[in-house]
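Scroll down for the structure; my scribbles are underneath it.
The values are calculated or read from the model by the stated rules, or taken from the named source; none is laboratory data. Just so it is clear, the model here is predicted, and its values are computed rather than measured. Positions of Cβ are generated from backbone atoms using ideal geometry, with glycine treated the same way; all protein chains shown enter the neighbour counts.
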Amino acid sequence: MIEDVSKNSNNEELSKCQKERDEYLDGWKRAKAELINYKKDENKRFETMMKFSNEALIRDLINVLDSFDLALAALERDGKAEKGLYLIRSQMEDILKASGLERIMISVGEPFDPSLQEAIASVESDKPSNIIVEEVERGYMLYGKLLRPARVKVAK
């Protein structure tokens, strides 16, 4: 009889210990999974931060690219444009492309898209209303994020 009580007590204690073990193991597995997910989320945030960390520099270099275009246009009018200047401009554009910069392509005659373009003027035209008549300043995206909208003139 004493042995039966002792066995029952041992079985109950063993059962209780196994239940606690299972609870601790489940908690540990959940904590481990949460840590893995946290690390993945942090890696994604870090990658995004790295992609856009040079956004201000690229924004400033776009202005230099615009100045290059203006200088080349002036030299072309005077017939003094040098091949070397075109190569320098091309190299700069290639470096910016490698850093995630994409030009927003605009065509005269296409409809105005306010999500990618900024209308700076409405002009009289034979084209229908809200059709692009002229691209005044190029627009750019950085890794799919709008960095600078294309500035355009649209038909009234």
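Checked against (1) assigned by TED's automatic domain parsing to the domain that holds Val154; (2) free of Cβ contacts under 8 Å to residues at least 24 places away in the same chain, Glu124 passes all but condition (2). Candidates Asp113, Asp66, Asp60: the one that is of a type in the set (Asp, Glu), loosely packed, with under 13 Cβ neighbours inside 10 Å and either assigned by TED's automatic domain parsing to the domain that holds Lys156 or not in a strand (DSSP E or B) (or both) is Asp60.
Applying the condition of being part of a loop (DSSP other than H, G, I, E, B) and of a type in the set (Ser, Thr, Tyr) to segment 70-110 and asking which residue is nearest to Tyr140 (Cα to Cα) yields Ser99. Considering only residues in segment 127-143 that are in contact (Cβ under 8 Å) with a residue 40 or more places away in the chain and not in a strand (DSSP E or B), the one that is nearest to the chain's Cα centre (by Cα) turns out to be Tyr143.
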